[in-house]
Amino acid sequence: MNELAFIEALRRMATHPAARHFDDDCAVLEVGGEALVLTHDMMAEGVHYLEGQDPADVAWKLVSVNISDLAAKGAEPLGVLLGYMFGKDDSRFVEGLEQALAYYDVPLLGGDTISGKGPQALGLTAIGRATHRPAPSRGGAQPGDLLYVTGPVGAAMIGYDALKSGAGDSEAYCRPRALVAQGQALAPHVTAMMDISDGLLLDSCRMARASGVTFAIEANAVPIAAPEQRRGDAMRWGDDYQLLFTAPAGLDPPVPATAIGQALDPGEAPLMLDGDPLSEKDGLGFQHG
């Protein structure tokens, strides 16, 4: 089974309203007078980070990618649970974990540890509290809304190249920063929001499909942190963790953001890039399987 088929199989079991039909970054669970926001992301050696990469950076990224999902819901992080497979330098992982938890001011609440053979696999569950209700989803964009991104894409791609070559600044890839404050500021105003983890084009396609609209994107409007000749790569690469959101035309976003397109009535494809129809099968970003 590929990733899409596997998720479809799981979707049939995810009948609780908190699961949001598996169309979202997080589960949103109503408990008393609060809405808990729950997410779980995994990382595997050789897929999400390089073999031999500094375990402190791996720990940082593991925390950040999960906190970024909370940020896309405008949530306040409350704590994390760690699933850890022992590796080559566990003490360095602990150092990076402490640094990341301090940066986000979030406590470690528990988890589990295992040993195993083969590539290392790690998991983290992040728990947050919605600061605005309803918490934004991927599925609320309406025709006429503008599509925004909070910052340039492609920085992680350039950082990865630097890490591989041993020359240049690799921090954008090794130690991304989740935009927690920006997500909380945007939550009351957006119609849909998610973070960019698998590529701007692929994640735009996913948000358009969840919302039942078509996004028309102008490639030259997308801010990039890469040479112009790599614009196409920058829009597909992922790992930047900028926030992608829609808002009604005429709204002045409360955080710096760039309009890159517009939501249209649903058409032949969920995405139009400079007028060309595209969908997930067109190599828009990172997919498993």
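Among the residues of the range 119-132, is any in a loop (DSSP other than H, G, I, E, B) and modelled with pLDDT under 95? Outline the logic, then answer.
Keep residues of the range 119-132 that are in a loop (DSSP other than H, G, I, E, B), which gives 119-120, 131-132.
Adding the requirement that they be modelled with pLDDT under 95 leaves 119-120.
Within the range 119-132, one or more residues are in a loop (DSSP other than H, G, I, E, B) and modelled with pLDDT under 95.
Taking the criterion of being over 20 Å from residue 260 (Cα atoms), polar (S, T, N, Q) and assigned to a loop (DSSP other than H, G, I, E, B), the only residue of the range 135-185 that qualifies is 170.
Residue 73 meets each of the listed conditions (1) modelled with pLDDT of 95 or more; (2) among the basic types (Lys, Arg); (3) over 22 Å from residue 202 (Cβ atoms) apart from (3). All told, residue 177 meets the bar of being outside the structural domain of residue 72 (by TED's automatic domain parsing), under 17 Å from the mean Cα position of the chain (by Cα) and surrounded by fewer than 22 Cβ atoms within 10 Å (Cβ to Cβ).
Condition check: closer than 22 Å to residue 100 by Cα, in a helix (DSSP H, G or I) and at pLDDT 95 or above. Does residue 194 satisfy that? Criteria not met by residue 194.
Limited to the range 61-95, what total is found for residues that are farther than 24 Å from residue 35 by Cα, touching a strand residue (DSSP E or B) at 6+ places or on another chain (Cβ under 8 Å) and in a loop (DSSP other than H, G, I, E, B)? Looking only at that region, the number is 2. For residue 268, the conditions (1) surrounded by fewer than 15 Cβ atoms within 10 Å (Cβ to Cβ); (2) not in a loop (DSSP other than H, G, I, E, B) are fulfilled apart from (2).
When you scan the range 11-41, how many residues do you find that are surrounded by 18 or more Cβ atoms within 10 Å (Cβ to Cβ) and part of a loop (DSSP other than H, G, I, E, B)?
Narrowing the range 11-41 to residues surrounded by 18 or more Cβ atoms within 10 Å (Cβ to Cβ): 19-20, 24-28, 35-39, 41.
Now drop any that are not part of a loop (DSSP other than H, G, I, E, B), which leaves 24-26.
Selection size over the range 11-41: 3.
The values are calculated or read from the model by the stated rules, or taken from the named source; none is laboratory data. No experiment lies behind these values; they were computed from the predicted model shown. Because the Cβ atoms are built from the backbone with ideal geometry, glycine has one as well, and the counts that use them run over all protein chains shown.
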